[in-house]
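Chemist: I am attaching a structure below and will ask some questions about it afterwards.
The values are calculated or read from the model by the stated rules, or taken from the named source; none is laboratory data. All figures in this text were calculated on a predicted structure; none of them were measured in a lab. Note that each Cβ is placed from the backbone with ideal geometry, even for glycine, and that neighbours are counted across all protein chains shown. These accessible areas exclude ligands, DNA and RNA; they are computed on the full protein's heavy atoms, side chains included. Shrake-Rupley method; radii C 1.70, N 1.55, O 1.52, S 1.80 Å.
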Amino acid sequence: MSAHFKKKSAGTKQEIPTASMPDIIFMLLIFFMVTTVLRETELLVNVSIPPAEAVEKIDQKRLIQYVYIGPEKLEGGGRGDPAVQIDDAIVRDQANIRQFMYRALLDEPRTIVSLRVDRDVETGLLYDVQQELREAEALRVNYSTTRAAE
Amino acid sequence: MPLLKQRVKRDAEIPSASMADIAFLLLIFFLVTTTIDADKGIYMQLPPPIEDDQDIPEINQRNLLNVLVNADGQVLLDNEVTNVAAIRDIVKRHILNNGREPQFSLSPDKAVTSFKTKRGLPYVTYIEVLDEIKSAYNEVRDEAARQEFGTDYGTYKARLGDDDPDVIADRYPLKISLAEPDPD
């Protein structure tokens, strides 16, 4: 009786061919290597960006020059006075912003300056930075925001 | 004969069994470090720097809508006190006025919205107001695109070729002027 109910096993092999596995992995690897932008700078200022509705995406990531404005991170976790950070250093002398942006525009005239400003920073400091950007003729700016939930 | 060295047989192949593992490790590294999402936000064009001998162009006062915000977030729109939520509608009326009401613009392509705040205003309110002004323009463009092409402005723009003129943007140009800040 028992033999009667015995399952018929299919004669085919049940293995998945793994020979092409390294090729598939390599394809994925190359994709991520190409899309990766490694330089995610260490933030020296606290930035929590505000939400907005009318946001646009900026596709050309390589044109973007970030400027961070927010209360400085102090040793021990405190929040200091508002400061401006470009790349991985805090800019103490605001005239240096002009110099820096001027050089960035020489390298890439289509540069977009993305301002990542903390929500509690007073706009006075933002105006000071913007005046420097105007002097350097870096006129394309983006106020970085999150997308507001509708 | 004893001088002849005996050749040791070695196989000259690189072992490739660990290849997949190495590739996996690299893959995981790039997977973790990758950030694909592009930056998003409100795109603006700053006014060019003022030269000393430059004449400031005269704008007909009725084409100019002044948005002033003080340090407490109170809004003054063409000398009338309003709140942030009301800005969008007034800006839309200003753009689409076409000379009907005397205090608003003569035509959409002449309408300018000037935006100015006190230095003490928190950035979050600055963005809120700018967002309202930009949304007003977006809604005007959306409505025009829907009437004429049956889709919203974003879809219409995506359909345009490289050399096609963007008639909606030409008709309703985005004229938001970031005013010269006060020194105080």
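Chemist: Could you list, in sequence order, the residues of the range A:63-94 that are more than 19 Å from the chain's Cα centre (by Cα) and among the charged types (D, E, K, R)?
Modeler: Within the range A:63-94, A:Glu72, A:Lys73, A:Glu75, A:Arg79, A:Asp81, A:Arg92, A:Asp93 meet the criteria.
Chemist: Just checking, does the range A:27-40 include any residue being part of a strand (DSSP E or B) and among the aromatic types (Phe, Trp, Tyr)?
Modeler: no
Chemist: Residues that are free of Cβ contacts under 8 Å to residues at least 24 places away in the same chain, polar (S, T, N, Q), under 30 Å from A:Asn142 (Cβ atoms) and surrounded by 14 or more Cβ atoms within 10 Å (Cβ to Cβ): does the range B:57-66 have at least one?
Modeler: no
Chemist: Can you tell me how many residues in the range A:80-122 are more than 12 Å from chain B (Cβ to nearest Cβ), in a loop (DSSP other than H, G, I, E, B), within 22 Å of B:Asp39 (Cα to Cα) and among the charged types (D, E, K, R)?
Modeler: Selection size over the range A:80-122: 4.
Chemist: Next question. Can we say B:Val75 is surrounded by 15 or more Cβ atoms within 10 Å (Cβ to Cβ) and at negative phi?
Modeler: It is true that B:Val75 is surrounded by 15 or more Cβ atoms within 10 Å (Cβ to Cβ) and at negative phi.
Chemist: Please count how many residues of the range B:118-147 are open to solvent by 10 Å² or more (accessible area, probe 1.4 Å) and in contact (Cβ under 8 Å) with a residue 40 or more places away in the chain.
Modeler: Final tally of qualifying residues: 9.
Chemist: Consider A:Leu125 against the criteria (1) closer than 25 Å to A:Gly80 by Cα; (2) part of a loop (DSSP other than H, G, I, E, B): it satisfies all of them except one. Which criterion is unmet?
Modeler: In the conditions (1) closer than 25 Å to A:Gly80 by Cα; (2) part of a loop (DSSP other than H, G, I, E, B), A:Leu125 misses (2) alone.
Chemist: Go through the range B:15-117 and tell me which strands (runs of 3 or more DSSP E), entirely inside it, have 1 or more residues that are closer than 21 Å to B:Glu139 by Cα, at the interface with chain A (Cβ under 8 Å from one of its Cβ atoms) and not charged (D, E, K, R).
Modeler: B:39-45
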